[in-house]
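Single-structure report; data block below.
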Amino acid sequence: MPPSALLIQPPVYDFALFDLFLRPYGLLRVGRWLEEAGYEVRFLDCLDYRDAYTAKMLGPVRRRPDGTGKFFRIPLPPPYAGARRRFARYGILPERVEEILSSWYPKDPPSVVLIGSGMTYWYHGVKEAADLIRRRFPGSLLAVGGVYASLLPRHCEEVVRPDVIVQGDDLEALRSALGKEGLPVPQGVVPDRPLLLERVWREAGVLRLHQGCPYRCTYCASSRLSRFVPGRGDALFDLLMDYRSRCRTSTFAFYDDALLVGKEEGLLPFLERVLSRLGSARRSGLSFYVPNALHARFLDRRTASLMVRAGFREVRVGFESAEEGFHTRYDRKVTSGEFLRAVEILRDAGFPPSSIVVYVLVGLPGQRSDEVERTLSALEDLPVLVSLAEYSPIPGTSLWEESVRRSRYPIAHEPLFHNNSIFPLEWEGFTFSDLECLKRKVRERNARIRALSPSGSAP
């Protein structure tokens with residue numbers, strides 16, 4: 001009987017959760033790695049929004065045609081005194097999780113269980129999954145990986161108590177543990193493609209051209225999680241074709257942090273192959289999204305034109321701030337001139353205003369609300385949508401120590417307080433009320449912009 005591996009995407013405990021192409025891409029890549037080594041692999045998605053039993057008990061959730069939408073939600077008491085928003089557990093019901101495990105493993109437990117983790121402040125869901133596995137399968141090797149495990153390994157060790165913690169893309173600890181248990185040890189690197197499970201990828205697939213990001217922005221942890229490894233457009237196209245043939249996927253989200261970097265060997269050959277082999281979006285039926293912002297500096301007219309023709313329905317661009325000196329201090333990735341030129345290129349290529357989303361970063365340590373006001377004023381006459389990207393303090397980043405000093409919450413000791421929903425860097429110069437006022441202005445502004453776009457809005 002072959003060894004078995006159980007992969008778990010745990011439930012999420014948070015004040016809010018929206019599925020903006022939230023898929024277990026990294027976890028399912030490790031699953032493919034194990035499958036190729038002879039393991040029988042199963043995937044338990046505790047965030048499965050289609051689960052019939054949970055839908056019967058809680059009611060169905062609202063979803064969108066592009067594969068985004070809401071999750072099942074169970075209201076919970078606030079996790080601490082003074083919480084200003086409603087807390088909840090997101091995912092299928094706990095008894096449903098138990099039922100699935102009983103049906104999959106009536107006798108023999110899985111040889112190894114791998115739990116993925118997302119935001120640091122989502123650790124309660126990871127702990128719930130780990131506690132369940134310890135209770136049901138005490139003899140199974142238990143590993144935890146992902147963002148939380150990589151950024152806070154000591155906290156994970158003390159609170160979740162797995163046998164193995166996988167940090168970033170380093171799988172040596174897992175290899176060693178498998179060997180000690182007498183289990184097959186996968187060789188080589190983790191494949192650059194995930195397990196292609198139709199239930200996971202039918203509504204929206206994930207594409208990632210490059211691994212990591214070459215930039216070292218002070219507010220971002222990407223460089224801590226993975227080194228930058230550029231990808232090839234031809235290999236990415238092959239993955240897209242596998243998605244189409246095995247999962248019937250037509251909507252895709254790029255998980256890249258720096259999609260346009262090295263575009264001559266990466267994105268452009270991919271787009272050209274899409275167009276030459278499958279035709280324009282009208283013929284192929286493909287739709288592409290970029291939930292992570294593009295670098296405006298690398299956008300040119302040829303790239304924008306290919307994106308429109310291939311089926312990009314929305315483009316998100318990182319601007320962050322119009323304040324003088326902001327980018328010199330925080331990221332060195334764009335100037336106001338480069339940003340304005342990028343918007344002009346996108347508009348000329350055929351993207352309507354409601355398909356261009358500009359990120360503005362708010363809530364940085366010591367940032368004043370009037371700085372954000374001035375940025376919104378600078379964008380006032382620009383035909384784009386605005387999205388306020390609320391800062392979350394991330395351990396190990398350049399801004400972490402300053403965030404620890406300035407926050408009124410004990411963020412160094414309790415990851416729940418990393419959550420941007422609570423505004424962890426609130427101070428008298430930028431209050432929660434100020435933030436709510438800015439959000440209201442952005443909603444009103446975006447409503448005006450959407451009214452200017454033709455019906456259907458996408459190019």
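Bear in mind these aren't lab numbers, they're just calculated from the coordinates by the rules spelled out. Everything quoted here is computed from the prediction, not taken from an experiment. Every residue, glycine as well, gets a Cβ built from its backbone with ideal geometry; the counts of neighbours run over all protein chains shown.
Pair-distance distribution of the stretch 6-56: all C-alpha pairs, bin width 10 Å, starting at 0; shares per bin in whole percent are 21, 45, 27, 7, 0. Each label was represented as a point 7 Å from its Cα along the Cα-to-Cβ direction; for Phe228 and Ser433 these points are 4.4 nm apart. Around the amide H of Val317, modelled in the peptide plane, lie the amide H atoms of Leu294, Val357, Val358, Tyr359, all under 5 Å away and 5 or more residues distant in sequence or on another chain. Taking Cα centre as origin and charging only the Cβ of basic (Lys, Arg, +1) and acidic (Asp, Glu, -1) residues, the dipole magnitude of the stretch 4-180 rounds to 700 debye. Is the stretch 169-242 best put as rounded, prolate or oblate by its Cα gyration tensor, with a ≥ b ≥ c the root eigenvalues, rounded for a/c under 1.5, and otherwise prolate when a/b is larger than b/c, oblate when not? In terms of gyration-tensor shape, oblate. Membrane-span-like helices in the chain, defined here as complete DSSP H runs extending at least 27 Å along the helix axis by their C-alpha atoms with mean Kyte-Doolittle hydropathy no lower than -1.0, are 432-452; this is a sequence and geometry rule, not a statement about a membrane. Relative contact order, whole percent, for the stretch 223-368 stands at 22, derived from Cα pairs under 8 Å and 6 or more residues apart.
Amide H contacts of Asp14 (H built 1.01 Å from N, in plane; Pro and chain starts excluded): Ala88, Tyr90 sit under 5 Å, all sequence-distant by 5 or more or on other chains. The ratio of the alpha-carbon radius of gyration of the stretch 299-387 to the globular-protein estimate 2.2 N^0.38 Å is 1.13. Of the chymotrypsin sites (Phe, Trp or Tyr not before Pro) found in the stretch 366-459, none is in coil by DSSP with at most 14 other Cβ atoms within 10 Å of its Cβ. Whole-Hz Karplus values for the stretch 190-199 come out as 5, x, 8, 9, x, 4, 9, 9, 4, 5 Hz, taken residue by residue from phi with 6.51 cos²θ - 1.76 cosθ + 1.60 and θ = phi - 60°; glycine and proline positions read x.
Neighbour counts of other Cβ atoms within 10 Å put Val442, Val200 in the fewest-to-most order Val442, Val200. Just so you know, the Cα atoms of the stretch 400-459 work out to an Rg and Dmax of 17.2, 49 Å.
Distances between placed amide hydrogens fall under 5 Å for Tyr255 paired with Leu207, Arg208, Leu209, all partners being 5 or more residues away or on another chain.
Of Lys333, Lys180, Lys107, Lys70, the sequence from fewest to most neighbouring Cβ atoms within 10 angstrom is Lys107, Lys180, Lys70, Lys333.
Take the Cα of Ser103, step 7 Å toward its Cβ, do the same at Ser398, and the gap between the two points is 5.1 nm. Loop-located GluC sites (Glu not before Pro) across the stretch 246-331 with a Cβ neighbour count of 11 or fewer within 10 Å are Glu264, Glu324, with loop assigned by DSSP.
Apply 1/(1 + (r/R0)^6) to the Cβ-Cβ distance of Arg63 and Tyr215, taking R0 = 41 Å, and write down the FRET efficiency to the nearest 0.05. Computed FRET efficiency for Arg63 and Tyr215: 0.80.
Let a ≥ b ≥ c be the square roots of the eigenvalues of the Cα gyration tensor of the stretch 379-421; is it rounded (a/c under 1.5), or, if not, prolate (a/b larger than b/c) or oblate? Note, shape of the stretch 379-421 comes out prolate. Mean sequence separation of contacting Cα pairs (under 8 Å, at least six apart), scaled by the length of the stretch 91-243, corresponds to a relative contact order of 16 percent. Over all distinct Cα-Cα pairs of the stretch 4-180, the Kirkwood formula returns a hydrodynamic radius of 16.8 Å.
Calculated from the alpha-carbon coordinates, the stretch 204-452 shows an Rg and a Dmax of 19.0, 57 Å respectively. Each 10 Å bin from zero holds the following percent of Cα-Cα pairs in the chain: 4, 19, 30, 29, 15, 3, 0. For the Cα trace of the stretch 255-303, dividing Rg by the Kirkwood Rh returns an Rg/Rh value of 0.97.
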